[in-house]
Amino acid sequence: MMPWLPSKRSVVSSALTLRNKWDRLMADHLQLFEVFIRSRRGLDHKHVGSLHADDPEQALEYARDVYTRRGEGVSIWVVASKDITASQESDCDSFYDPLDDKPYRHASMYELPEGVDSL
Amino acid sequence: MADNIVALPNEEQFQARIDAEEKIEPKDWMPEKYRQNLIRQISQHAHSEVIGEQPEGNWITRAPTLERKAILLAKVQDEAGHGLYLYSAAETLGVTREELIDRLHKGVSKYASIFNYPSLTWADIGAIGWLVDSAAIVNQVSLQNTSYGPYARAMVRICKEESFHQRQGYNIMMVLMQGSEEQRAMAQDAMNRWWWPALMMFGPHDGESAHSAQSMKWKIKRRTNDDLRQQYVDQAVQQAHAIGLTVPDLDLKWNEQREHFDFGAIDWDEFQRVIAGNGPCNRQRLAHHIQAHEEGKWVRDAMAAFEAKRRKQRADVA
C-alpha cells in the first residue's frame, strides 16, 4: 500500500463528511432562490436564473450583483425555489389533454368574407 | 373631480413619469385619486366580463348545433377568465376581491350597460360576439397602452383571446344571412336592437364624460370616447354591409372630407336610464349575480376549511 495515497475507506469517509457538511451548509444557510427581472417598466418580470442565499434580502443583493451588472433590469423578484410549484413537461399529454381538441378557440378557424378586415 | 386634488410634492414627479410614457407599477407611489380611479375602472371592466356571461349563458343550452354550443361554452369560459385577470389587476392596488364584489352588489360599482339588454334570439349571440365584443376590443386595444402596468398587461392577454370572440359572432351572423328569409330577418332584428347600445358602450361625448379629462391626463385612458366610437362605426359598417345587413341609422353616410362615416344622434336619455338601473334587465342581472354568489358560499367555506386543515397538518408535521 502506498502511504501517500489515502485508503479507499478514508476516501469514502471524507467524501461522506464533505457531503454531510454540504448538506448541513445547505440546510443551515443556503437556500436556492429563483430570480426574475423586469427589464423595462411595463414589461413582465422574466425568469433569468437562480442563486443561493441566506435569506430573501441577501438573494436580492446577490441577484443584483450576478444578473444586472449591465443595466439588465429596473426591478428584481426573488422567490425561494421550494415555493414554486411546477407542472412537468413529461405530463404534457395528460395535463393539457382537455384543451387540445378545441380548434374553435382560435380566430383563424372562422373564415371571413372577401373585403372584410379589422376582425 | 380634478379640481380638488391637492398637489403633493410627489405628484409632479408622478405626472412627469406619466408624461414620459413610463408605466406605473404596483409598489410605486401614486396619487390616491389615481389609485381610486383605476380601481373604479378596472373593477367595472372586470364586472362587465362576468355579468356579460349572463346574456350569452342564456343560450348555451339552446345553441342550434353541438359545435355552436361548444364554441359558446368556450367563449363564456374565456369571459370568466378575463374577469379573473382584471380582478387580479385591481387587487394589486390594495383592494380585496370581496370588497369589489360587495360594491357591485350594492350598486356602487357599475358594469357595461349593454349587458342590461336581453338576448332574445340565437342571432343575439351573433350580435353580441360581433358588435359588443368588437366595441370592447376597440376600447381594449387602446388600453394596452394604459399607464398602469398590471392593467396594460391584462389587456394584452385579453385582446389576444378576444379575436376569436368577435369572429365567432360575425360567423353566426354571416351564416344566418346566407340562410332562409326568416333567418335573415332574425339577424337583422338583432342588428337593429344591438347597434345603438353598442355605440353607447364608448360612453358619453367627450365634453360630457365625468372621468375622461383626468383619465386622459393620467393616461389611464389613451383615446377619447368619440374617437374610439368613430373607429368602431367605420369598421362595423363595412362588416355589416359585407354580409348584407343594414345599419339601423338613416343618417349614416360616408363623409368624403373627414374620410369617416357620419352617423345619427345617440339617445342619451336611454343611456342614462339604463345606467341608472332601469334598463330591461338591470335588476335581473344583479339579482342573478347575488344569487350565484350566495349559492356558492358553501364552496368558498369548504375551501377555507380545507386550507385551514392542511395548514394545521403541515404545522403538526413541522
Residue, farthest from the other protein chains (Cβ to nearest Cβ), within the range A:89-119, restricted to residues that are farther than 23 Å from B:LYS69 by Cβ and open to solvent by 100 Å² or more (accessible area, probe 1.4 Å)
A:SER90
If you go through the range B:174-182 one residue at a time, do you hit one that is open to solvent by 40 Å² or more (accessible area, probe 1.4 Å), away from chain A (no Cβ under 14 Å) and in contact (Cβ under 8 Å) with a residue 60 or more places away in the chain?
no
(1) over 27 Å from A:SER118 (Cα atoms); (2) assigned to a helix (DSSP H, G or I); (3) in contact with a Lys or Arg (Cβ under 6 Å, 6 or more places away or on another chain) all hold for B:SER142 apart from (1)
Of all helices (runs of 4 or more DSSP H) completely enclosed by the range B:45-127, which ones contain at least 2 residues that are among the hydrophobic types (A, V, I, L, M, F, W, C)?
B:66-91, B:97-105, B:122-127
Lone qualifier among B:ALA135, B:ALA154 - being surrounded by 22 or more Cβ atoms within 10 Å (Cβ to Cβ), touching a residue at least 12 places away in the same chain (Cβ under 8 Å), within 14 Å of chain A (Cβ to nearest Cβ) and closer than 17 Å to B:HIS260 by Cβ
B:ALA135
Checking the condition under 15 Å from the mean Cα position of the chain (by Cα) and either at pLDDT 95 or above or open to solvent by less than 10 Å² (accessible area, probe 1.4 Å) (or both), which residue from B:ILE51, B:ILE71 passes?
B:ILE51
Being in contact (Cβ under 8 Å) with a residue 60 or more places away in the chain, part of a helix (DSSP H, G or I) and not acidic (Asp, Glu) is the filter here, so list the residues in the range B:244-283 that pass it.
B:TRP268, B:PHE271, B:VAL274, B:ILE275, B:GLY277, B:ASN282
Criterion first (surrounded by 16 or more Cβ atoms within 10 Å (Cβ to Cβ), more than 8 Å from chain B (Cβ to nearest Cβ) and either at pLDDT below 85 or out of contact with any helix residue (DSSP H, G or I) (no Cβ under 7 Å at 6 or more places or on another chain) (or both)) does A:VAL79 satisfy it?
yes
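Table: residues versus (1) within 14 Å of chain A (Cβ to nearest Cβ); (2) open to solvent by 20 Å² or more (accessible area, probe 1.4 Å); (3) modelled with pLDDT of 95 or more.
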| site | (1), (2), (3) |
| --- | --- |
| B:ARG103 | no, yes, yes |
| B:LYS106 | no, yes, yes |
| B:ASN116 | no, no, yes |
| B:LEU120 | no, yes, yes |
| B:ALA123 | no, no, yes |
| B:TRP130 | yes, no, yes |
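The values are calculated or read from the model by the stated rules, or taken from the named source; none is laboratory data. This structure is a prediction, so every number in the text was calculated from the model and none was measured. Here Cβ is always computed from backbone atoms with ideal geometry, including for glycine, and neighbour counts include all displayed protein chains. For accessibility, only protein heavy atoms count, side chains too; no ligands or nucleic acids. Shrake-Rupley method; radii C 1.70, N 1.55, O 1.52, S 1.80 Å.
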